[in-house]
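Note sheet for the following structure.
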Amino acid sequence: MTELLDRLHQDHWNLSHVLLVFDSLLDRFHEGTDPDYELMSEMLKYLESYADQIHHPSEEDIFDRLRARSNESHPVLDLLTKQHELLGQLNRRFRQSLEGIMHEAVLRRDEVEVQGRELVKTLREHLNVEEEEAFPLARERLSKRDWDELRQNLPGPNDPMFSDAAHARFRSLLKHLMDQAEVV
């Protein structure tokens, strides 16, 4: 019945590992080491392509269904919807800064680090709210029929980085980032 929520939960678990890699790379960046900006930028492109085009729309479908099935307001759902947009903006801003560094733009290191930390912190908080508030609400309030209909309207494939049929590019990207971040 909640196959979709299980998939989204797995995405969150996977993403939490990506955030650990980013934490480590940002720590090294803070210490003066230059990480592979191109790899970091590629990871952010991945987040944009998968999270913004597949993962978040799936969540929004659930939130819309919850709103339609209830006479009461759910401020947490409105907050999460706004955060989806904000996360896309934070991601693009940080990626553009990294690309600026690659193209030798003059950027303050501390400002770029703040952008990365803000993205990681906001995304982590967002995942926690979804896991602790929105997903339990959906499990409680949506019917089997709702879940069947939601599953039929899934916007796309599983996460390309972590699925069994993962694209070699994304697996390689994550491995290189983990090696660079010295995350096991």
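Look through D146, D159 and report the one residue that is touching a helix residue (DSSP H, G or I) at 6+ places or on another chain (Cβ under 6 Å), of a type outside the set (F, W, Y) and either at positive phi or at pLDDT below 90 (or both). Let's see the steps before the verdict.
Details: D146 fails: either at positive phi or at pLDDT below 90 (or both).
Unique residue meeting the criteria: D159.
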Worksheet item: If we keep just the residues of region 37-54 that are among the acidic types (D, E) and surrounded by fewer than 17 Cβ atoms within 10 Å (Cβ to Cβ), which is farthest from the chain's Cα centre (by Cα)?
Response: E38
Worksheet item: Which members of region 96-124 meet the condition of being within 24 Å of H12 (Cα to Cα), among the charged types (D, E, K, R) and without any contact (Cβ under 8 Å) to a residue 40 or more places away in the chain?
Response: E118, K121
Discussion item. If S24 meets every condition in (1) in contact (Cβ under 8 Å) with a residue 24 or more places away in the chain; (2) polar (S, T, N, Q); (3) farther than 17 Å from M178 by Cβ; (4) assigned to a helix (DSSP H, G or I) apart from one, which number is that one?
Written reply: (3)
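Could you please give the count of residues in region 15-32 that are among the polar types (S, T, N, Q) and within 17 Å of L87 (Cα to Cα)? Reasoning before the result, please.
To start, the set of residues in region 15-32 that are among the polar types (S, T, N, Q) comprises 16, 24.
Checking which are within 17 Å of L87 (Cα to Cα) leaves us with 16.
Of the residues in region 15-32, 1 are among the polar types (S, T, N, Q) and within 17 Å of L87 (Cα to Cα).
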Item to complete: Among residues belonging to region 1-34 that are loosely packed, with under 14 Cβ neighbours inside 10 Å and within 19 Å of P57 (Cβ to Cβ), point out the one that is farthest from the chain's Cα centre (by Cα).
Response: E3
Worksheet, complete the sentence: Note on region 103-120: residues part of a helix (DSSP H, G or I) and exposed (fewer than 13 other Cβ atoms within 10 Å of the Cβ) are R109, D110, E111
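Would you check if there is a residue in region 82-101 being closer than 24 Å to E149 by Cα, under 19 Å from the mean Cα position of the chain (by Cα) and part of a helix (DSSP H, G or I)? Show your work before the answer.
Narrowing region 82-101 to residues closer than 24 Å to E149 by Cα: 84.
Subsequent filtering for residues that are under 19 Å from the mean Cα position of the chain (by Cα) retains 84.
Then drop every residue that is not part of a helix (DSSP H, G or I), which leaves 84.
Yes - at least one qualifying residue is present in region 82-101.
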Practice prompt. Note down all Cβ pairs under 6 Å where the first residue falls in region 1-14 and is touching a residue at least 12 places away in the same chain (Cβ under 8 Å), the second is charged (D, E, K, R), and they're at least six residues apart or on different chains.
Written response: M1/K144; T2/R139; L4/R151; D11/D159
Discussion item. Checking the condition modelled with pLDDT under 85, under 19 Å from E42 (Cβ atoms) and buried (at least 16 other Cβ atoms within 10 Å of the Cβ), which residue from L174, L123 passes?
Written reply: L174
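The values are calculated or read from the model by the stated rules, or taken from the named source; none is laboratory data. All values reported here derive from a predicted model rather than from experimental measurement. Reconstructed Cβ throughout: ideal geometry from the backbone, glycine too, with neighbour counts over all protein chains shown.
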